[in-house]
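J.: Here it is, the structure in full.
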Amino acid sequence: MTTLYSLSSAAKPTMEDTNNRRSKKNRRRPSATPTNGEYSDVEDAEDGDPEAWATLNKSFRQVQSVLDRNRAIIQQVNENQQSRMPDNMVKNVSLIQELNGNISKVASLYSDLNSDFTNICHQQQRSSITRGGK
């Protein structure tokens, strides 16, 4: 019989990790400097296309939602397993099936996210070329 274990404390972010992410997030690159009368791509990348950022943000939120649900399912499966009650073991069957479906959903969402990101990069590159950039 296989026992499922909950997320270990090593997998959970620590306060230091959270603070580190925040400080990295708040760091800004040096501002772009004019090159031959134009600004570099660094400034364009920071501003970006609001619609593109909204698309990526939506995708990340969808993925995070499914991952949060998976965490809750795993916790419930662990509790059911520890109780050793027959009814709870039966419930685990459907919970594990939902978890498997969610894993497929996350893979699909990441695939879509990859496609969206690639398309955005290509659009940025084409837009840069038409503006006389690289």
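The values are calculated or read from the model by the stated rules, or taken from the named source; none is laboratory data. Treat the numbers as computed from the prediction; the structure is a model and nothing was measured. Quick reminder, even Gly has a Cβ in these numbers, built from the backbone with ideal geometry, and neighbours come from all protein chains shown. Accessible surface is based on the protein model in full, side chains and every heavy atom, while ligands, DNA and RNA are left aside. Shrake-Rupley method; radii C 1.70, N 1.55, O 1.52, S 1.80 Å.
J.: Go through (1) surrounded by fewer than 14 Cβ atoms within 10 Å (Cβ to Cβ); (2) touching a residue at least 12 places away in the same chain (Cβ under 8 Å) and name the single condition HIS122 misses.
T.: (2)
J.: So, one more: Which of the residues spanning segment 75-119 are under 20 Å from the mean Cα position of the chain (by Cα) and open to solvent by 90 Å² or more (accessible area, probe 1.4 Å)?
T.: If the condition is that a residue be under 20 Å from the mean Cα position of the chain (by Cα) and open to solvent by 90 Å² or more (accessible area, probe 1.4 Å), then ILE103, LYS105, TYR110, ASN114, PHE117 are the ones that fit.
J.: Still on this structure, I have one more. Provide a single number: the residues in segment 105-134 that are at pLDDT 85 or above, small (Gly, Ala, Ser) and within 13 Å of ALA52 (Cβ to Cβ).
T.: 1
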